Every structure is written in structure tokens, then in C-alpha cells.
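The values are calculated or read from the model by the stated rules, or taken from the named source; none is laboratory data. Computed from a predicted model, the values in this text were never measured in an experiment. All Cβ positions, even for glycine, are placed from backbone atoms using ideal geometry, and neighbour counts span all protein chains on display. The accessibility values were calculated without ligands, DNA or RNA, using every heavy atom of the protein model including side chains. Shrake-Rupley method; radii C 1.70, N 1.55, O 1.52, S 1.80 Å.
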Amino acid sequence: MSDTQDAKDRPQIYLVTPPAFDAEDFAPVLARVCDGIEVACLRLSMASGDEDNIARAADQLRELAHARDIPLVIDRHAVLAERLGLDGVHLPEGARDLRKLRKTLGNDAIIGAACGASRHDGMSAAEAGADYVSFGPVGETGLGTGLRAEAELFGWWSEMIEVPVVAEGALTRDLVEALAPVTDFFAIGAEIWGQDDPLAALRDLTAPLG
């Protein structure tokens, strides 16, 4: 992922896979999206606990992503990231184990940290060497604790911290427009994959970015 941008620059798109999918069916859908709009990073985020299933999906998506110069990170499974030749790992619990993983995976690996709506957790992750910090959900959702990452948090982060920041969770066009000046990436997944035309849905969602 690229270095943090000036706040006036256009935030980049960070795609997140569905939690469950058939790799052969999903690959052409993903390819169409990646060919139709610029994607900065892809996260394999499967709910499955089946290692073989995750590995098969990773193999297929890695080939697709790398053919388009898109880095592929995996949610949680740092061991698989190294074993399968992926570009890094997304940690769902902030800075936990981050320093140890940096030593294991090396400086070239992308290590991102999801920090909910906690400024403190974000700072801890940044200090531990995260390549990016993710805050969310930014929109209304019945999932999780109901605590949202507000625009004020992103505004403060963009002014005070150099580590790139990602906005994700229940995104809407209005939220994309509101957060565009204060975030580096929008992580988008559930908002588009259930639609008949995910590429059209993504273009509509990110229309405020121009």
C-alpha cells in the first residue's frame, strides 16, 4: 500500500472479500471489479476455519491480484500469509502480536491493524509498526457493539499521525463524501458483493470521489 496521501488527494479503494465464497465462482466477479476500477489492496477475509479452503481461495486470488499489481493480505492468519506467499496480514485486534509478527514476516510485509473506534488502540498499533490502521464501522450497523468510528477521529488522525488510515464498515455515499478529506483508504466489501452488479455498486458508492 502506498504512503499516506495529502488530505486533498483521492482516497484509494481497498477491497475486502465476502466472508464465504466459492473461489472459482468469485474470481471472475472480482476480476471484473479490479479491471473496472483502480484497487490499491485486496483483503482475503473468510469466516471459514477450514485451512485447506482458505488456502485454495488464497492461491486463486493471489494469482488474480498479483497479475494486476494488487497486494493481497489475509485477515488474521499470519502463518498462512507467509506460507502462501501473500503480501501481509490484517490483524483484527489492533497492536496485539504486531511487533512479534513484524519480526517474523519482515519489513516488506504489509501489516494492518483494525482498531475499532479507539484512538488509543490506533496509536498503539502505529507505534508497534503497523503499515496502516483501520477504524470502523463508520456507518450504522446492527453488528458488533454499535460503537462507531466518527469523522472526528479520522480528522484528528489525518492531522496528527503519518501512518495511513482506513475507513470501513457500513459505508454509504454520504459517508464516503464526508470522510474523503480525512482518510487514505476506504475498505469496501459487504456494501457491494450482495448486489447484482458489484462493479456498478462500487462505482456508485465511490462516486463522490470523482
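What to note about this one:
- Cβ pairs under 9 Å, 6+ apart, first in region 155-168 and part of a strand (DSSP E or B), second acidic (D, E) and at pLDDT 95 or above: V165/D184; V166/D184; A167/D184
- Of the candidates T172, T141, the single residue that is at pLDDT below 95, out of contact with any His (no Cβ under 7 Å at 6 or more places or on another chain) and open to solvent by 20 Å² or more (accessible area, probe 1.4 Å) is T141.
- Checking V163, V138 one by one, the residue that is within 17 Å of L15 (Cα to Cα) and within 15 Å of the chain's Cα centre (by Cα) is V138 and no other.
- Subset of region 193-210 that is part of a helix (DSSP H, G or I) and without any contact (Cβ under 8 Å) to a residue 24 or more places away in the chain - its residue that is farthest from R32 (Cα to Cα): A201
- Looking across region 84-102 at every residue that is of a type in the set (A, V, I, L, M) and part of a strand (DSSP E or B), the one that is surrounded by the fewest Cβ atoms within 10 Å (Cβ to Cβ) is identified as L91.
- Residue tally, condition under 14 Å from R62 (Cα atoms), in contact with a Phe, Trp or Tyr (Cβ under 8 Å, 6 or more places away or on another chain) and either in a strand (DSSP E or B) or modelled with pLDDT under 95 (or both), over region 10-47: 3
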